[in-house]
1. How much accessible area does W203 have with a 1.4 Å probe, in Å² rounded to the nearest 10?
2. Write down the percent of antiparallel bridges among all DSSP beta bridges whose residues are both part of segment 108-211, to the nearest 5.
3. Rg and Dmax of the chain over Cα atoms: what are they, in angstrom?
4. Once the Cα gyration tensor of segment 102-159 is found, what semi-axes does its equivalent ellipsoid get, as square roots of 5 times the eigenvalues, in whole Å, sorted largest first?
5. When only Cα pairs under 8 Å and 6 or more residues apart are kept, what is the percent relative contact order across segment 1-160?
6. Shape verdict for segment 114-243, please, from the Cα gyration tensor: rounded (a/c under 1.5), prolate (a/b greater than b/c) or oblate.
7. If you take the Cα Rg of segment 35-134 and divide it by 2.2 N^0.38 Å, with N the number of residues, what do you get?
8. Under 1.5 on a/c is rounded, so check that first for segment 34-77, then, if it is not, pick prolate when a/b is larger than b/c and oblate when it is not; a ≥ b ≥ c are the square roots of the alpha carbon gyration tensor eigenvalues.
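The values are calculated or read from the model by the stated rules, or taken from the named source; none is laboratory data. Just so it is clear, the structure is predicted and the values come from calculations on it, not from any experiment. A quick note on method: Cβ atoms are made from the backbone with ideal geometry, for glycine too, and the neighbour counts reach across all protein chains shown. All accessible areas refer to the heavy atoms of the entire protein, side chains included, with ligands and DNA or RNA removed. Shrake-Rupley method; radii C 1.70, N 1.55, O 1.52, S 1.80 Å.
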Amino acid sequence: ESIFLLIRINICFTGNLKFCLLILNQSFDKGHFHCLWSKAALRACADGGANCLYHITEGSQDSFLPDYISGDFDSIQPEVKEYYKVKGCELIETMDQDLTDFTKCLQILQKKIEKKGLQIDVIVALGGLGGRFDQTMASVETLFLARNITPFPVIVIQECSLIYLLQPGKHKLCVDTGLEGAWCGLIPIGNSCESVTTTGLKWNLTNQVLKFGTLISTSNTYDDSKIVTVETDKPLLWTMAIK
């Protein structure tokens, strides 16, 4: 039985949760960024994520220098790359085209966590859920690969959305922070789930098959219990609104 207490976003923001921050190449909420950046144990950019960091911190870039930037550097703007190079940020070129910059950045992050002996609870990726649909799907693919890269949970946040890949087993999701939005969903992406049982949702599932072409759980919401439980026989994508 594996029980995962879903990241309480307000704990993340108030500093009681230890995490690393990975910035992806898509626009993101400035409020989320400042809260997460100020408390992250280690901060990284995946290629063009450095552009997003550079522009969202315009006028105060010197105060927001990442620990490293990695990728094949086909997305980072030349002037942005030069700026961070001059500032002494580590630039790590990764040319493997079979993996996305997100995945490769995560691999490097795990090695740095081990080298530094960091004690963390979670890895938070900022961006990755908007813009091009193929890149959104690539973010989901990285969550599938992450299990073989890092022992830490990986969540992806962008604007009003959060995603996390639930592994087979039982999960307890705490949704009592006050920063949850109205909607949530369970998406059987990558495989069908033959048996999914939930509590704490307005529309619960009982030994339900979830698969595309049959049933997926979208636009769901919560009951008043403040805790959602999910039991699944296959990896299942949890998504929820955040404020």
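1. 130
2. If we restrict to bridges inside segment 108-211, about 55 percent are antiparallel.
3. Computed over the Cα atoms of the chain, radius of gyration and Dmax are 18.0, 57 Å.
4. 22, 11, 9
5. 26
6. Since a/c stays below 1.5, the shape of segment 114-243 is classed as rounded.
7. Values: Rg = 13.3 Å, N = 100, 2.2 N^0.38 = 12.7 Å.
It is 1.05.
8. oblate
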